[in-house]
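See below for the structure under consideration.
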Amino acid sequence: MFENLTDRLSATLKNISGRGRLTEDNIKETLREVRMALLEADVALPVVRDFIAKVKERAVGAEVTKALSPGQVFVKIVQSELEAAMGEVNEVLNLAAQPPAIIMMAGLQGAGKTTSVAKLSKFLREREKKSVLVVSADVYRPAAIKQLETLAQEVEVEFFPSDISQKPIDIANAAIAHAKKKFIDVVIVDTAGRLHVDEEMMGEIIDLHKAITPVETLFVVDAMTGQDAANTAKAFNDALPLTGVILTKTDGDARGGAALSIRHITGKPIKFMGVGEKTDALEPFHPDRVASRILGMGDVLSLIEDIQQKVDVDKAKKLEKKIKKGKGFDLEDFRDQLAQMRNMGGMMGMMDKMPGMGNIPDAVKNQMGDKMTDQMEAIISSMTKGERAKPELIKGSRKRRIAAGSGTQIQDVNKLLKQFTQMQKMMKKMSGKGGMQKMMRGMKGMMPPGMGGGFGGMPPR
């Protein structure tokens, strides 16, 4: 998300550096560029107007401190106003209610409600240590009930059965009664997708809300609909007392207009964003981290959280012991590392959160997608156990066999072996003194051409 906006703003904000003082004249052109960048990102016009006015008011005449260049002062102002536009802090779910705490999901058809119910259930079970019951009150789409049942099994939460012959209120009340008997912490009620202009359907969800009085009423909206997402959220908020928004499909939205418009237009916080199709691809929405990402400064805190939650600690410890004992790092270990990377959203998912990634040429980005990881795993899987343990065995005829078995070319096998050798050297360095610094230097060597020179570009925070 924000790929286009990040590129535009990074280029624009570089132009203002080197000034002794920020004046109305010398920021006029920059503000015009920022305005255009936001409009192109499909940010709603009232939001753009308000944003530009606030930045201008704070920036004009701002004295440049000894430690910072004017460009950095201006970037800090822009960052601060981006955070303000999106709500400044992450607003957590309010589950402080007599159990079960009831969460109701609302939204248009196709926005990703049912998938978001599963993702949120998994989030609450794993991170908040809550017992969760999910139920579908969508009596218009039998497939929705079956889909939720399948997803509930996958994320290991309880599913309450429902049927299209029942009324939504009766379904929800029966599920809540069942949860009370079993002392379940949270009930998530999935509802049918509806248009805000459909009076009968809106009347139904209003009646359902009154009947079950949820502590959280979350509006699920597709980020790819841009500022329309904010307008639809406002229409629902006029009918229902929404408590927050889940922004889905943010991984497919390169513009980011919805994220910057929703809070301003609805007054409601974005609480979560969906960052992929997998059931663990749901992240709490942190405006400060998202603003940092927009400005090309990365999101190191989220990257650290990903590593803490998704890296297999036991495997990492075993690998560390193995290397320290001098047994070396083999291709089996390399394949494990690739799988761990996939768990964290793949190479590009990780790279998006690293500072200065906006400076990477598109040709290099294309070399680093999930396809590359899949190809590398396929090549390693086409090797024998002996070859994975002793890569030095892999010569001419073996390379041909491995390439044929993995559907790749011999040069792809050579490239993988070269990257593995670099990783092997890096792991050796890590096991000695000053391991981390050596590893960072080694990582530069592993990156494709055009990425070796550090994370330049935007100023530090």
Farthest toward positive dipole pole in segment 213-264 [+1 Lys/Arg, -1 Asp/Glu at C-beta], among Leu218, Thr248, Ala230: Ala230
Roll a 1.4 angstrom probe over the protein heavy atoms and tell me the percent of accessible area of segment 37-190 that is carbon or sulfur. 53
Note the full-extension length gain between Leu39 and His178 as 0.36 nm times their separation in residues minus their Cα-Cα distance, in nm to one decimal. 45.2 nm
For segment 109-207, listing trypsin sites (Lys or Arg not before Pro) in a DSSP loop whose Cβ sees at most 13 other Cβ atoms within 10 Å gives Arg127, Lys129, Lys182
Can you order the peptides 391-401, 134-144, 205-215 by their average number of other Cβ atoms within 10 Å per residue, highest first? 134-144, 205-215, 391-401
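The values are calculated or read from the model by the stated rules, or taken from the named source; none is laboratory data. Treat the numbers as computed from the prediction; the structure is a model and nothing was measured. Cβ sites come from the backbone with ideal geometry, for glycine too, and all protein chains shown count toward neighbours. Note: accessible area is taken over every heavy atom of the protein model, side chains too, but ligands, DNA and RNA are not part of it. Shrake-Rupley method; radii C 1.70, N 1.55, O 1.52, S 1.80 Å.
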